[in-house]
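Presented below is the structure to which this report refers.
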Amino acid sequence: MTELIPKPRSVVAGSGEVRLTARSQLCAGTATEGVGHWLRTVLRQATGLPLREGRELDDTEGDDIGLQLDSELGPEEYRLVSDWSGVLIEGGSAAGVFRGAQTLRQLLGPDAYRRAPLSRDRAWAVPHVTIEDAPRFRWRGLLLDVARHFMPKEGVLRYLDLMAAHKLNVLHFHLTDDQGWRVEIKKYPRLTEIGSWRSRTKFGHRASPLWDERPHGGFYTQDDIREIVAYAAERHITVVPEIDVPGHSQAAVAAYPELGNTDVIDTTALSVWDTWGINPNVLAPTDNTLRFYEGVFEEVLDLFPADAAAFSAFVHVGGDECPKEQWRRSPTAQARIKELGLADEDELQAWFIGHFDKWLSARGRRLIGWDEILEGGLAEGAAVSSWRGYAGGVAAARAGHDVVMCPEQQVYLDHRQDGGADEPVPIGYVRTLEDVYRFEPVPPELTPEEAAHVLGTQANVWTEVMEDHARVDYQAFPRLAAFAEVAWSRLPAPAERDFADFERRMGDHYARLDALGVAYRPPGGPRPWQKRPGVLGRPIDGPPPNR
């Protein structure tokens, strides 16, 4: 039996197999046609079999594949039965059927992930088995930071395929930061004309003396974004955009200097930031800034429409790492604090976030932000991405707010995977494959009622030291496979998890990653070309890096 990742809830093996042949059909029942089109496409590429479209599920023969809904199953729950009558995948929704189709692909073996058949003569077989499965968490996410190092559109589409293969369902798309603005906004063309390019880039940790002196940048046109969102939807993945306010905004201020604290610094002298860390240049809390970002969000809402998909109403506004020093020195900011009757700069940030919470709510959307939005009072209706450990998520859940758990100490995949000197640009904590596998998203101190506010969890890939997709692959895999199992499967308590079993199943999974062309970190350490000798990272025993 092929070893599956994530681990299903129930697997009952049979004694035979279903052989797919040139006469095999794929029959997609009502509301599963999209899944059928996807499955037929990928299997035709890998196997060379025509997989003709069948018309009636009842007419399928012993070498056919059927897809259909079952109203008694949960939304992403599925049942896969392979027996003498063929292969049948049933789901509570098209998303459930799609998750089952991913399992079928694993059952066919690693060559089912290739884009052309290795041989026209090989046999393709699905073992007789009954699999029943459903996710533990509704939000199973991956944050992809394309602001620090731009990932071309084709790379994003590739990562959506990798997410789908691991049953992840939310792409948190980090589109703006001090180092680059990556989404076209037609109302404000300088955001990409100026804000999407920096003149050079720090190579390694910000303490490194090394620089890449080449200009770096890029952005997604609005049609690119629409393509990404549609591609994700075909794979039952929701894309949640992040537009950072009021910190992490130097790229925007470089493009439109009036957005900055002009009464404190000369914002016209600012350029897109070329290094890493917490930037002191934040947005001014003015009406002009609010109107500007309302214009930005109007176009963002059009590009990322709210529909029937889970979490499609969410818009991430950042809200993290906003230094208050410029506001303390700014007469304009101090006048705003006095005008609003606020206690301090923390409450000013809460007012800023609260404004967009109300603005988004009035348009049927939901704000989500990093756990700093708790400071000064949490905006009504807001959800929290808890990154500074568990504390922010615990506080938010106890206050009745929804939470996505993504603590940096456990699931920041930019952090090093081993303490060895060969790790490329070693950043942050050592978090091994086993550490990620033993991550528990729900803090034990939450009551069942409070724990119900934990929507799920996500792994975060910040790309300061990841200059291309191969570096992203190295940091993400194989740990993303372990994270996917944590997010999907109902595992025992962390200390009781069978990591040896997971490692054994990874033996099969590495072959799938090879077929997909993923430049993962091998179990024995980096390959020679994956090392980055002489590039300074953060010392192993030092504190974690700031984003």
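Brief remarks follow.
- Taking the longest Cα principal axis of the chain as reference, the axis of helix 331-340 is set at about 70 degrees.
- For the chain, the residue among 314, 436, 513 whose Cα projects farthest onto the positive side of the dipole built from Cβ charges is 513.
- Across 153/202; 338/358; 167/358; 187/358; 153/186; 167/187, pairs whose alpha-carbon gap is larger than 27 Å: 167/358; 167/187
- Relative to the Cα centre, the charge distribution of region 10-133, modelled as +1 at Lys and Arg Cβ and -1 at Asp and Glu Cβ, gives a dipole magnitude of about 820 debye.
- Given charges at beta-carbon only (K, R positive; D, E negative), |dipole| of the chain in Debye: 1160 debye
- With the convex hull drawn over the C-alpha atoms of region 369-518, the volume per residue is 130 Å³.
- Descending Cα extents along the principal axes, region 242-320, whole Å: 46, 28, 17
- Peptide packing: for 407-415, 437-445, the average count of neighbouring Cβ atoms within 10 Å per residue gives the ranking 407-415, 437-445, highest mean first.
- Taking the Cα centre of region 311-433 as reference, the dipole from Cβ charges on Lys and Arg (+1) and Asp and Glu (-1) amounts to some 460 debye.
- Packing, as the average of other Cβ atoms within 10 Å across residues, places the peptides 251-258, 218-225 in the order 251-258, 218-225, highest first.
- The tail of the calculated P(r) for region 139-530, taken as Cα-Cα distances beyond 39 Å, holds 14 percent of the pairs.
- Cα-based shape type of region 211-370, given that a ≥ b ≥ c are square roots of the gyration tensor eigenvalues and the cut on a/c is 1.5: oblate
- Dipole of region 10-133, positive direction: furthest Cα of 84, 13, 110, with charges on the beta-carbon: 110
- Listed peptides 274-287, 419-432 by packing density, highest first (mean Cβ within 10 Å): 274-287, 419-432
- Placing one equal scatterer on every Cα of region 10-133 and applying the Debye formula, the log10 ratio I(q)/I(0) at q = 0.10, 0.13, 0.18 Å⁻¹ is -0.26, -0.44, -0.89.
- For region 62-99, chymotrypsin sites (Phe, Trp or Tyr not before Pro) meeting the loop criterion (DSSP other than H, G, I, E, B) and having at most 13 other Cβ atoms within 10 Å: 84.
- Taking 0.36 nm per residue of sequence separation and removing the Cα-Cα distance, the residue 451/residue 12 pair yields an extension gain of 154.9 nm.
- Helical content alone sets the calculated 222 nm signal of the chain at -9000 deg cm²/dmol, taking -39,500 (n - 2.57) per DSSP H segment of four or more residues and averaging over every residue.
Any read-out appearing in this document is the output of simple, stated calculations on the displayed coordinates, not a laboratory observation. On a predicted model such as this, the values are computed, not experimentally measured, just so you know. When we count neighbours, we look across all protein chains shown, and the Cβ atoms used for this are built from the backbone with ideal geometry, even at glycine.
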